[in-house]
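Below is one structure, written out as structure tokens; comments come after it.
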Amino acid sequence: MTNKFLTGCVAIETKNARLNGSSKDVEGGSTVQNIAYTKKIRSREGVFPYGSGVYVKKNIKNFAKLKGHNISRVRALDTTQAVTEGNPYKNYDEDIMGFMIAGKLSISEEEFEDLPEEEQATFKKVKKGNKVTYEKNITKKRKARLMVSPLQAISSTRIHQEFNTRQTDATNIIFSREVYSNIMSMGFNLDINNVGVFRVSEDESGFRDYSPAEVDLFDLDVDENGVIKLDKEEKNRRITDTLRAIQYFNTDIAQANNLEDLNSKFVIMAEYSIGNNIFNNIFRNGLLDIDYLKEAIDENEEFRLSNIYIGVRAGFMKVDDKDLRDVLIDEFKDYSNVVIGTVKEAFDNYIKNYIKTL
């Protein structure tokens, strides 16, 4: 089967925001207590605020939960370790975003007796002196099918401090938060073929989704190659809702005081047989670098599997005083494989094409 990676880039616009918080320890050990910092990268070119990949995936997961997908529960093993359920067939986030569960799970005799027989069979009895415990190796890991870059400003940004006061019954308290205005972009890569495909293995050192003992525990159907597959309808739903989460990217951080429209204002995406994200650096010096983009498309043409879908919100960006969408239509008029329209049209058209060619 040919590899099929959906490679893309989106851009959002912030007018007065702080998407992802930071701490005073990261900010050079600042002694100022009452500042809400934002994540940022500093370089010779200036300061670039960003939202981390973890932040991006958290918001995608929240959207998926809103759409009715199962999200894994997190269980603490001790004060320093926590694990998810390790059931990607059931849970959207473990399927799409991967997981790693490392170590041994140890339970008491009382906890063991409360387990169903099929789950008891996955444990080994361990006796140390007069103490009896039951253990099992729970090491397993799954590659993330969705990979994302941080959501980062496309040009150097001035970070402002927004001062506020909180009234009290004594002296009012002064505090501030960092905010900024910029266009921010994010690359993404979705391994289309392997969403909803799970592998069973005894190998505790490699990638595996389930151990053989878990197959009976979770009542899963395994084919002769040791593979478990979601039905097509559920696989389509997971892929579609992942893309809708990127399209309607939203977050509740600071929304009480900094109301923002974080829907995607620009998107480009296409399927390729290689996983390299060729669209990840197409914004340069605050603008879409069209020459860079065209060269990236041309150089990777042999790996392209679908049309290239581009969507732009009207008025989002100007190039030589012309609307970016109009400029792109003119620049790509000789590219029969490039489809340009609104952001919604780009997502809708790709999803229709994906379902048709599944």
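The values are calculated or read from the model by the stated rules, or taken from the named source; none is laboratory data. Keep in mind that what you see is a predicted model, and the values were worked out from it rather than measured. When we count neighbours, we look across all protein chains shown, and the Cβ atoms used for this are built from the backbone with ideal geometry, even at glycine. Ligands, DNA and RNA are stripped out before the accessible areas are found, and what is left, the full protein with its side chains, is counted by its heavy atoms. Shrake-Rupley method; radii C 1.70, N 1.55, O 1.52, S 1.80 Å.
Please specify each residue of segment 338-355 satisfying the condition of being outside any strand (DSSP E or B) and in contact (Cβ under 8 Å) with a residue 24 or more places away in the chain.
Of the residues in segment 338-355, the ones outside any strand (DSSP E or B) are 342-355.
Residues satisfying the conditions are 342, 343, 344, 345, 346, 347, 349, 350, 351, 353, 354, 355.
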Taking into account only those residues within segment 142-166 that are charged (D, E, K, R) and assigned to a loop (DSSP other than H, G, I, E, B), which is modelled with the highest pLDDT? 145
Just wondering, is there one or more residues in segment 244-251 that are in contact (Cβ under 8 Å) with a residue 12 or more places away in the chain and open to solvent by 80 Å² or more (accessible area, probe 1.4 Å)? yes
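Yes/no matrix, rows are residues, columns are (1) open to solvent by less than 30 Å² (accessible area, probe 1.4 Å); (2) at pLDDT 95 or above; (3) more than 19 Å from residue 244 (Cβ to Cβ); (4) touching a Lys or Arg at 6+ places or on another chain (Cβ under 6 Å):
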| site | (1), (2), (3), (4) |
| --- | --- |
| 280 | no, no, yes, no |
| 285 | no, no, yes, no |
| 295 | no, yes, yes, no |
| 349 | no, yes, no, no |
Which condition number does residue 335 fail, the rest of (1) assigned to a helix (DSSP H, G or I); (2) open to solvent by 20 Å² or more (accessible area, probe 1.4 Å); (3) within 18 Å of residue 292 (Cβ to Cβ) being met? (1)
Within segment 316-332, residues open to solvent by 50 Å² or more (accessible area, probe 1.4 Å) and outside any strand (DSSP E or B) come out as 320, 321, 325, 326, 329, 330, 331
The lone exception for residue 302 - which of (1) part of a helix (DSSP H, G or I); (2) surrounded by 12 or more Cβ atoms within 10 Å (Cβ to Cβ) it fails: (2)
Matching helices (runs of 4 or more DSSP H) fully within segment 55-141 where at least 3 residues are under 19 Å from the mean Cα position of the chain (by Cα) and of a type in the set (D, E, K, R): 92-97
What is the one condition in (1) open to solvent by 40 Å² or more (accessible area, probe 1.4 Å); (2) closer than 30 Å to residue 22 by Cα; (3) aliphatic (A, V, I, L, M) that residue 222 does not satisfy? (2)
Pairs please, first residue from segment 47-61 and within 16 Å of residue 92 (Cα to Cα), second anywhere and open to solvent by less than 20 Å² (accessible area, probe 1.4 Å) and part of a helix (DSSP H, G or I), Cβ atoms under 6 Å, 6+ apart in sequence or on different chains. 60/245; 61/93
Turns out the strands (runs of 3 or more DSSP E) fully within segment 186-289 with at least 2 residues that are under 16 Å from the mean Cα position of the chain (by Cα) are 266-272
Might you check whether a residue that is within 29 Å of residue 264 (Cβ to Cβ) and touching a residue at least 24 places away in the same chain (Cβ under 8 Å) occurs anywhere in segment 167-175? no
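In segment 205-226, what count of residues is obtained for those that are of a type in the set (S, T, N, Q) and more than 19 Å from residue 98 (Cα to Cα)? Please lay out each step first, then the result.
Restricting attention to segment 205-226, the residues satisfying the condition of being of a type in the set (S, T, N, Q) are 205, 211, 225.
Next, only the ones that are more than 19 Å from residue 98 (Cα to Cα) stay: 225.
Residues that pass the stated criteria total 1.
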Given (1) out of contact with any Asp or Glu (no Cβ under 8 Å at 6 or more places or on another chain); (2) buried (at least 17 other Cβ atoms within 10 Å of the Cβ); (3) not in a helix (DSSP H, G or I), residue 311 misses just (1)
Out of the residues in segment 167-185 that are open to solvent by 30 Å² or more (accessible area, probe 1.4 Å), part of a strand (DSSP E or B) and not small (Gly, Ala, Ser), which is nearest to residue 312 (Cα to Cα)? 175
I'm trying to understand the selection: among the residues of segment 142-166, which are under 29 Å from the mean Cα position of the chain (by Cα) and either open to solvent by less than 20 Å² (accessible area, probe 1.4 Å) or without any contact (Cβ under 8 Å) to a residue 40 or more places away in the chain (or both)? 142, 146, 151, 153, 154, 157, 160
